[in-house]
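Down below is the structure, laid out as structure tokens.
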Amino acid sequence: PTCSGCSPTNRVLMSAKFNLTCDQATTFNFQFQILNDSTPWNLTNYTAVMTVRPFVGASTTTLVASTTNGYIALDALNGRATVTVPASVTADIASGRYSYDFVLQAGSGGTVTRILEGKFVVTGAVTT
């Protein structure tokens, strides 16, 4: 999916709603591009975090993917984000419905922008 209208200068930015499905005990891979009109958002010097929780407002965390832990890679010039979570990690997530969001931070201590949010559904696996 693309996130149209997303830009650091567009202060009336609302996150896109997009539900994700993760098959338990398999590699989860999800890629999207952030666009400002039809121009890729330059992600140079940005970091990214995707947090999955049992529900919005929950204090417990089910999964954290980030540029820091290597589960998120940013293609800065093309405005692309790729989330890849190994099967060994998804195997430890109980099947069910969760909530997630994906945020970008401009530089160290810079503006944090929520880009995506939605449901994160984990389907149970027979083979683990």
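The values are calculated or read from the model by the stated rules, or taken from the named source; none is laboratory data. Keep in mind that what you see is a predicted model, and the values were worked out from it rather than measured. Please note: Cβ atoms are built from the backbone with ideal geometry, for glycine as well, and neighbour counts cover all protein chains shown. The area values use the complete protein model at the heavy-atom level, side chains included, leaving out ligands, DNA and RNA. Shrake-Rupley method; radii C 1.70, N 1.55, O 1.52, S 1.80 Å.
Descriptive notes on the structure:
- Under the condition of being touching a helix residue (DSSP H, G or I) at 6+ places or on another chain (Cβ under 8 Å) and open to solvent by 50 Å² or more (accessible area, probe 1.4 Å), the residues counted in region 46-62 number 0.
- Residue in region 76-128 that is nearest to the chain's Cα centre (by Cα), counting only those that are small (Gly, Ala, Ser) and assigned to a strand (DSSP E or B): 81
- When residues of region 72-86 are limited to those that are open to solvent by 30 Å² or more (accessible area, probe 1.4 Å) and not charged (D, E, K, R), the one nearest to residue 25 (Cα to Cα): 86
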